[in-house]
Every structure is written in C-alpha cells, then in structure tokens.
Amino acid sequence: MRPQLIGRRVAVVNLVASLIAMASALAPASASAATDGDLWWPSNGTVTGTCGEPRPTHTHKGTDIARSPSTEVYAAYDGTVRWNAVGADPAGYGNYLDVVHANGWSTRYAHLRETPTAPLVPNGATVSRGQLIGHTAVNGDSTGLHVHFEILKNGAFQCSANAGRGTVITAKTRTSINIGATSGAEPVTNGAGVHITGPNSYTDVSSTGQVYAWNGGYFGGSPTGYSGRFTDAKVTSDGAGYWLLTSIGQIYAYGNAPYKGGSPTGYSGEIVAMAATPDNQGYVMLSATGQVYAYGTPYRGGSPGGYSGSFVDIEMTPDGGGYWLLTSMGQVYAYGNAAYLGGSPTGFSRAIVAMSRTSDGLGYVLVSKAGQIYAYGNAQYQGGSPAGITGEIADVSYRTDGQPGYVMVSTTGQHYAYNTPFLGNPTGASGVF
C-alpha cells in the first residue's frame, strides 16, 4: 500500500500545482507601465448604466460598474492624476479624479470614497495601468455603490469601450479601446508590405519573403538561409525586378534589380526599411534607431536626435538626391534635397507605421496601425480608417501614375484601396505583411 499512497500524494500535489497555475493564468494582470495603448476596466462588478443612454436630464457619459460592498478602483492606463476642485461638481460626479493620458486622452473615475484632501493618490501623481487609485462610495448623483468610468478625448466623452447593462466586468482586463502608446513606444513589427507598381498592379511581400504580384511581374521569392524576418521591399522603377530586405539588412535581388551590398554591422535595433534610386543602381536602408546605410548611392545623413518611438520607414526623392525618415510617432526627418512637407500629426490612435510619397515627390502620406491617413504637400486624402480591419494596418503605397490614390495592406494581407483598383488578397501566406 505504501507505493500506492505515495503515487496518490504525488498526483494530488500535481493537481494542486496545475490548479494554481491555471488560476494564475486567469487572474487579472498586475499594475505595470503600459506601452500597448489598451485601456483596462477599472473595477469588478456589473454594469448598471451604459455610456450614451438617455437619462431624464442628460445623456449618460460613462459606464457604471456596481458592486457591494465597496470595491477597489484601478487606473485604466498610465497617466497623471488630476483631482477635481472641492465643491466644483455641477455634473453630480461627487468625489472624482481624472487620469490624464497622452494624445488628448483621459479617463474619469467618479463617486470615490477618497477626496482631494484625503486621497489615495495625490493630485499630480504619476500612476501606472492597474494601479489602485481609490474605492467606490455613494456621493454626488449616486444612490448605490458604483464607479462611474468615463473615457474622454480632448474633453469629449467617448463610448467606444461601452458594455451593456448586466455585463459582468472583471477589473484590469482589456476594454475594446486603444489610445496609442503613452510613451510613443508602441512596437511596430510588420512584414515587407505592399508596393504599387502601376495603374493596375501592386506587389505584396510577407515577413517570410513570399511575393504576391498582382498584375505585375513575379521574379522569385521565398529565399532560404535568411535571418530575422523580411521587413521591406522595393520594386525597380520599370517594374522588372525587386529587392527584398531582412531585419538584419540582408538583400535578396530578383529580376533586373542589382545587388549592391547589404548586411551592415554596428547598427542598433532592427533594419526596418529601404528605398531605391530611380536608376535602380543604389539603395539605402534604415534601422529602428535612425541609422542609414547607403549602397551605390551617396549617404545624405541620419541618426537624428530627439525623436520619439522608433523609426519605421524611409522614402527616396524621385531623383535620388534625398530621402525622408519616419518615426512611429509620425515625425519626419528630411535629408539631401528632400523637402520637409509636414509631420507629427495629432489625434492618431495607434502607432504610425509607414509613409509613401507622390510620384513627383512633392507630397507624402503617413498611415497608422488603425489606417488613419495623414496627407502632406500635394498628396490628397482619399479616405482611411477602414472598418473591420483584420490584424492591423502595416503599410501604404501611393499611386505611381500621378493620380491621387493609395492602397493599404493589413498584417494579414487584407487590402484597402482608395481611388485605386482593388486587385485581391493573398491566401496561404505565412508570417505577416
């Protein structure tokens, strides 16, 4: 009997360990600095009031989460605490504070037990997502224990993270809204994107080097022996070849695209993008920290200081005499004869991921992960922010025939075309675009 008892004890110990592991995996996340832009629900409870529902005297501006007894209230995202002034509550919030986030966003927590003069977190304090900031109470326009959770953008309430009455909320789990990275450091991990090659053609390249040519020339792809992933590609000016670029700077040349060098050393971060000269005899590549490596064409500058986020794209001027660098916060740096036409847009909700110039180089567009388009110079806005994006937007390409229009591709290979033909979506791709 002794061996059987030992076996049963081991089985019980293993079962307990498994249950503990499962509980840990299902438990809400702990407070920590956030970089992904996802707002978290602030409290446990059941929704008793929804954002946007009509009330006798007003439209409800937030989501009420009720639970008895009093329960904890947590910050939905990193930011700075701003308590309301004592007695300055005509809207019936009672004791409330705001947490001010980046890019014009803030979240409001009303009917708190704490007050501006007896706070859990003082006015002006910096808090992290998931940090305890208060407890529910009954004050202001409130008849029962709950937290009124409100999301604001530039002072206007937003209902995009709404939940219906009766929904059971778990604190520190994701809402459906993303406000962008507080520090501008939201990571960008794309494949090699989409590249318009003519009025009715474009070429896609996945992060594993698969090439999909839509009404254009296919010259090869899916190379072996590479390291990292494919992060960009460029088609030659006559459409008869292309280069593929990996995250360690390896170049794979197909068709009439000449190999001019690659695999630089000493860079930091990944190699994220490339651009080619119009005579197809040179190209430059860019690292995530703004270092530029030139092959077969002059080096015009790089490694700027004071940028935010990471570098995500590089574009060459039509004559090859300059280039633009782009960061994930939309900052544009111009070198050589590249004219600075604008950048650093406000109001984008996800990281900026790519840029594309007009055929004459007198304009360019920037695109965010959410498909928001920002047009500068003679680039024309034709639409953006498509609904139902699968994955997130990874790249944009402007028409090459002098007409306004562009196509976006998502990380799953879905195309969104604006004043340019939609030609299809790839199937069976591995990796991301």
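The values are calculated or read from the model by the stated rules, or taken from the named source; none is laboratory data. Quick caveat, the model's predicted, so the values are computed rather than measured. With ideal geometry, Cβ positions are generated from the backbone for all residues, glycine too; neighbour counts draw on all protein chains shown. Accessible surface areas use protein heavy atoms only, side chains included; no ligands, DNA or RNA. Shrake-Rupley method; radii C 1.70, N 1.55, O 1.52, S 1.80 Å.
Quick test of your reading of the structure: GLN210 fulfils all but one of (1) polar (S, T, N, Q); (2) over 27 Å from the mean Cα position of the chain (by Cα); (3) within 25 Å of TYR406 (Cα to Cα); (4) open to solvent by 30 Å² or more (accessible area, probe 1.4 Å). Name the failing condition by number.
Result: GLN210 passes all but (2).
What tally of residues in the stretch 301-330 results from selecting those that are surrounded by fewer than 20 Cβ atoms within 10 Å (Cβ to Cβ) and of a type outside the set (Phe, Trp, Tyr)? Working first, answer last.
Taking the stretch 301-330 as the starting set, the residues that turn out to be surrounded by fewer than 20 Cβ atoms within 10 Å (Cβ to Cβ) are 301, 303-308, 318-319, 321-322.
Then drop every residue that is not of a type outside the set (Phe, Trp, Tyr), which leaves 301, 303-306, 308, 318-319, 321-322.
The number of residues fulfilling the criteria is 10.
Going by the structure shown, is GLY228 touching a residue at least 40 places away in the same chain (Cβ under 8 Å) and on the phi > 0 side of the Ramachandran plot?
yes
Within the stretch 285-294, restricting attention to residues that are touching a strand residue (DSSP E or B) at 6+ places or on another chain (Cβ under 6 Å) and either more than 17 Å from MET329 (Cβ to Cβ) or modelled with pLDDT of 95 or more (or both), which residue is surrounded by the fewest Cβ atoms within 10 Å (Cβ to Cβ)?
The first filter runs over the stretch 285-294 and keeps only residues touching a strand residue (DSSP E or B) at 6+ places or on another chain (Cβ under 6 Å), leaving 285-288, 290, 292-294.
When the remaining residues are screened for being either more than 17 Å from MET329 (Cβ to Cβ) or modelled with pLDDT of 95 or more (or both), the result is 285-287, 290, 292-294.
Numbers: MET285: 27, LEU286: 30, SER287: 24, GLY290: 22, VAL292: 22, TYR293: 21, ALA294: 18.
The residue in question is ALA294.
What pairs come up if the first residue lies in the stretch 144-171 and is in contact (Cβ under 8 Å) with a residue 60 or more places away in the chain, the second is surrounded by fewer than 12 Cβ atoms within 10 Å (Cβ to Cβ) and in a loop (DSSP other than H, G, I, E, B), and their beta carbons are under 6 Å apart, counting only those six or more places apart or on different chains?
Qualifying pairs under 6 Å: LEU145/SER68.
Which of the residues that make up the stretch 366-375 are touching a strand residue (DSSP E or B) at 6+ places or on another chain (Cβ under 6 Å) and either open to solvent by 20 Å² or more (accessible area, probe 1.4 Å) or not hydrophobic (A, V, I, L, M, F, W, C) (or both)?
Pass one, the stretch 366-375, residues touching a strand residue (DSSP E or B) at 6+ places or on another chain (Cβ under 6 Å): 366-369, 371, 373-375.
Matches in the stretch 366-375: SER368, LYS369, GLY371, TYR374, ALA375.
Output the residues belonging to the stretch 245-285 that are under 14 Å from GLY220 (Cβ atoms) and touching a Pro at 6+ places or on another chain (Cβ under 7 Å). Before the answer, list the steps.
Within the stretch 245-285, the subset under 14 Å from GLY220 (Cβ atoms) is 251-257, 259.
If the condition is that a residue be under 14 Å from GLY220 (Cβ atoms) and touching a Pro at 6+ places or on another chain (Cβ under 7 Å), then TYR252 is the only one that fits.
If I filter the stretch 365-393 down to residues being of a type in the set (A, V, I, L, M, F, W, C) and modelled with pLDDT under 95, which single residue comes out as nearest to GLY198 (Cα to Cα)? Before the answer, list the steps.
Filtering the stretch 365-393 down to residues of a type in the set (A, V, I, L, M, F, W, C) leaves 365-367, 370, 373, 375, 379, 387, 389, 393.
Now restrict to residues that are modelled with pLDDT under 95: 370, 387, 389, 393.
Details: ALA370: 26, ALA387: 26, ILE389: 25, ILE393: 22 Å.
The selected residue is ILE393.
When the residues of the stretch 399-419 are narrowed to those that are of a type outside the set (Gly, Ala, Ser) and closer than 11 Å to VAL194 by Cβ, which ends up farthest from the chain's Cα centre (by Cα)? Break it down stepwise before answering.
Within the stretch 399-419, the subset of a type outside the set (Gly, Ala, Ser) is 399-401, 403-404, 406-409, 411-412, 414-416, 418-419.
Within this subset, residues satisfying the condition of being closer than 11 Å to VAL194 by Cβ are 406-409, 414-416.
Working: TYR406: 20, VAL407: 19, MET408: 15, VAL409: 14, GLN414: 17, HIS415: 18, TYR416: 18 Å.
The selected residue is TYR406.
Which one is nearest to ILE248 (Cα to Cα) among residues in the stretch 263-284 that are hydrophobic (A, V, I, L, M, F, W, C) and open to solvent by 10 Å² or more (accessible area, probe 1.4 Å)?
First, pick out the residues of the stretch 263-284 that are hydrophobic (A, V, I, L, M, F, W, C): 271-276, 284.
When the remaining residues are screened for being open to solvent by 10 Å² or more (accessible area, probe 1.4 Å), the result is 272, 276.
On the way: VAL272: 9, ALA276: 18 Å.
This residue is VAL272.
In this structure, is GLY94 open to solvent by 40 Å² or more (accessible area, probe 1.4 Å), touching a residue at least 40 places away in the same chain (Cβ under 8 Å) and at positive phi? Show your work before the answer.
Details: open to solvent by 40 Å² or more (accessible area, probe 1.4 Å): no; touching a residue at least 40 places away in the same chain (Cβ under 8 Å): yes; at positive phi: yes.
Criteria not met by GLY94.
Can you tell me which residues in the stretch 333-364 are open to solvent by 40 Å² or more (accessible area, probe 1.4 Å) and at pLDDT below 95?
The answer is SER344, THR346, ARG350.
Considering only residues that are open to solvent by 10 Å² or more (accessible area, probe 1.4 Å), outside any loop (DSSP other than H, G, I, E, B) and over 17 Å from ARG67 (Cα atoms), which ones fall in the stretch 104-142?
TRP105, SER106, ARG108, THR126, ARG129
Restricting to the stretch 186-225, count the residues that are of a type in the set (A, V, I, L, M, F, W, C), assigned to a strand (DSSP E or B) and either over 15 Å from ILE271 (Cβ atoms) or without any contact (Cβ under 8 Å) to a residue 12 or more places away in the chain (or both).
As a first pass, look at the stretch 186-225 and keep what is of a type in the set (A, V, I, L, M, F, W, C): 188, 192, 194, 196, 205, 211, 213-214, 219.
Next, from what is left, pick out any that are assigned to a strand (DSSP E or B): 194, 196, 205, 211, 213-214.
Okay, now just the ones that are also either over 15 Å from ILE271 (Cβ atoms) or without any contact (Cβ under 8 Å) to a residue 12 or more places away in the chain (or both), so 194, 196, 211, 213-214.
Number satisfying all stated conditions: 5.
Look through TYR77, TYR109 and report the one residue that is modelled with pLDDT of 90 or more, aromatic (Phe, Trp, Tyr) and closer than 18 Å to GLY144 by Cα.
None of the others qualify; the one that does is TYR109.
Could you list, in sequence order, all residues of the stretch 401-422 that are open to solvent by less than 30 Å² (accessible area, probe 1.4 Å), assigned to a strand (DSSP E or B) and within 13 Å of SER201 (Cα to Cα)?
TYR406, VAL407, HIS415 - these are the residues of the stretch 401-422 that are open to solvent by less than 30 Å² (accessible area, probe 1.4 Å), assigned to a strand (DSSP E or B) and within 13 Å of SER201 (Cα to Cα).
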